[in-house]
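The values are calculated or read from the model by the stated rules, or taken from the named source; none is laboratory data. Worth saying up front: this structure is predicted, and the values here are computed from it rather than measured. With ideal geometry, Cβ positions are generated from the backbone for all residues, glycine too; neighbour counts draw on all protein chains shown.
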Amino acid sequence: MSRSLFVAGAAGLSALLFASGAEAHGTAGNRFFVASMLVEDPFVADELALPTISSMRERGSGEEPGSRETEFEFEWAKTITPSFAISFEQAYSIVKPKGEKSVRGFGNLEVGFKYQVVKDAPSEFVLSFGVGFEVGGWGNKRVEADTFWSATPTLYFGKGFGDVGVDFLRPLAITGALGVNVPFKKRTSMTTFDADTMDFETEIERHYKTLQWGMTFQYSLPYLQANVRDIGLGAPFNRLVPIVEMAFETPLGGPNRKTTGTINPGLIWTGDSIQLGLEAQIPINRESGKGVGVLFQVHFYLDDIFPNSIGKPIFGATK
Amino acid sequence: MKTIIGLVTALAVNLLAPYGAWAHAALQRAEPKVGSEVSPAPQKVTLWFTEALEPALSKVEVKTAAGKSVNAGESKVASDDKRRIEAAVETLSSGTYRVEWSVVSVDGHKTSGSFIFTVK
């Protein structure tokens, strides 16, 4: 490769990576999008979710009893450039089957990369794509952490309705994510010895691609107050964002292709450098859970807390 | 350790005092109020933010429905309260006006927004 071609290539890559000139986290024009808890948001930002706590009951099947699964999780996202970030996510699970002892352990580490392609201020629109990797074998098998890696390329978008002509709709925004989880292993076989038959039994579990899709609808009272009409809301209501999140999984192969997921109505309160979120988790069918679960999160905006150190991109101007 | 102290402090500040010292400047209130109808016509537009502003990088512009500026001079961050910015306006006739603001808080974060008010 000639030196000039190399320089041109490097300049092109640099322009691509540094293109979007990020402003404040989660903003597109007048719109501030909250960091959603269930569905990954489309923004590239320095942020820390610590902790995210969820609790949900699962139905039993066959001889397996129903159980309650409680997860404690953290996610840290770090901007490399203003439009490119890497994230790390780790959960600790406690599974309590009915009438049995609980099992607990760490799940697999998840590492994500996200690139913000478009951010258009007038239309309050943002588009990103990313890929997340689940590190197989990292976590504990007792909490069903997979022993194999998988990757999930995903497209993210966000759109605020500030540009529509109807006042009561202008505080509304939607975000969405659409991805395909691709396991790096097609099947796992497990051989066990059956003492009754005095024979070895081999069980084969097949792993299929899964469509992962979700959306959020968020109605920003801060946006209403600051951009549409001051209706005199005081604290803490002037910082509240009622939100409905929904996340689903649809297997793309195998005999059972039923979609599972939850719909989460809740509230997010946005402070100056943190947000607090609380949502109910409503399973969409029997396979998705039993009863109503709960999801809670404390989320730190690291670019506000540490604007001159870990809260800013490693390369490139940030503001 | 500094990171942990920073996070705990951020949590405490946010919970105990809704408007902390680090973050983006968000519009807290305005006079005339966002989306309001007023009479008589105001002589200035005043905006209060949640954070102190950088005077050299913060501005407010008031425009007619046709997009013509009606500012009477440059907008100014108040010297006695850095969270307040004012724009004097020309004599306003009846009609709808758009206030467009773009500010930079003292921590360097840029935010912007707009709203309308109507003079009866």
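Scanning region A:202-213 turns up no residue that is hydroxyl-bearing (Ser, Thr, Tyr), within 22 Å of the chain's Cα centre (by Cα) and within 14 Å of chain B (Cβ to nearest Cβ). What pairs come up if the first residue lies in region A:69-89 and is more than 30 Å from A:Lys290 (Cα to Cα), the second is assigned to a strand (DSSP E or B) and of a type in the set (Val, Ile, Thr), and their beta carbons are under 6 Å apart, counting only those six or more places apart or on different chains? Listed pairs, sorted by first residue: A:Lys78/A:Ile86; A:Ala85/A:Thr79. Test each condition in (1) surrounded by fewer than 18 Cβ atoms within 10 Å (Cβ to Cβ); (2) assigned to a helix (DSSP H, G or I); (3) within 11 Å of chain B (Cβ to nearest Cβ) for A:Glu287 and report the one that comes out false. Every listed condition holds for A:Glu287 apart from (3).
Among the residues of region B:28-45, those identified as among the hydrophobic types (A, V, I, L, M, F, W, C) and buried (at least 16 other Cβ atoms within 10 Å of the Cβ) are B:Ala30, B:Val34, B:Ala41, B:Val45. Looking at region B:1-96, the strands (runs of 3 or more DSSP E) lying wholly inside it that each contain 2 or more residues that are within 19 Å of the chain's Cα centre (by Cα) and at pLDDT below 95 sit at B:27-31.
If we keep just the residues of region B:84-120 that are of a type in the set (Gly, Ala, Ser) and buried (at least 21 other Cβ atoms within 10 Å of the Cβ), which is nearest to the other protein chains (Cβ to nearest Cβ)? Filtering region B:84-120 for residues that are of a type in the set (Gly, Ala, Ser) and buried (at least 21 other Cβ atoms within 10 Å of the Cβ), the one nearest to the other protein chains (Cβ to nearest Cβ) comes out as B:Gly113. Of the strands (runs of 3 or more DSSP E) that lie entirely inside region A:165-274, those containing 1 or more residues that are without any contact (Cβ under 8 Å) to a residue 40 or more places away in the chain and over 26 Å from A:Glu58 (Cα atoms) span A:187-194, A:199-206, A:240-251, A:260-270. One residue stands out among those in region A:250-284 that are in contact with an Asp or Glu (Cβ under 6 Å, 6 or more places away or on another chain) and closer than 24 Å to A:Leu221 by Cα: the one that is farthest from the other protein chains (Cβ to nearest Cβ), which is A:Asn264. The numbered conditions (1) closer than 30 Å to A:Arg57 by Cβ; (2) at pLDDT below 95; (3) of a type outside the set (Asp, Glu); (4) out of contact with any Pro (no Cβ under 6 Å at 6 or more places or on another chain) are all true for A:Ala121 except (1).
What is the one condition in (1) surrounded by fewer than 17 Cβ atoms within 10 Å (Cβ to Cβ); (2) over 24 Å from A:Ile231 (Cβ atoms); (3) touching a residue at least 12 places away in the same chain (Cβ under 8 Å) that B:Ser79 does not satisfy? Looking at each condition in turn, B:Ser79 falls short on (3). Per the conditions (1) within 13 Å of chain B (Cβ to nearest Cβ); (2) within 30 Å of A:Ser67 (Cα to Cα); (3) hydrophobic (A, V, I, L, M, F, W, C); (4) in contact (Cβ under 8 Å) with a residue 40 or more places away in the chain, the sole criterion not satisfied by A:Phe296 is (1). Of all the criteria given as (1) surrounded by fewer than 21 Cβ atoms within 10 Å (Cβ to Cβ); (2) within 14 Å of chain B (Cβ to nearest Cβ); (3) of a type outside the set (Asp, Glu), the one not satisfied by A:Arg57 is (2).
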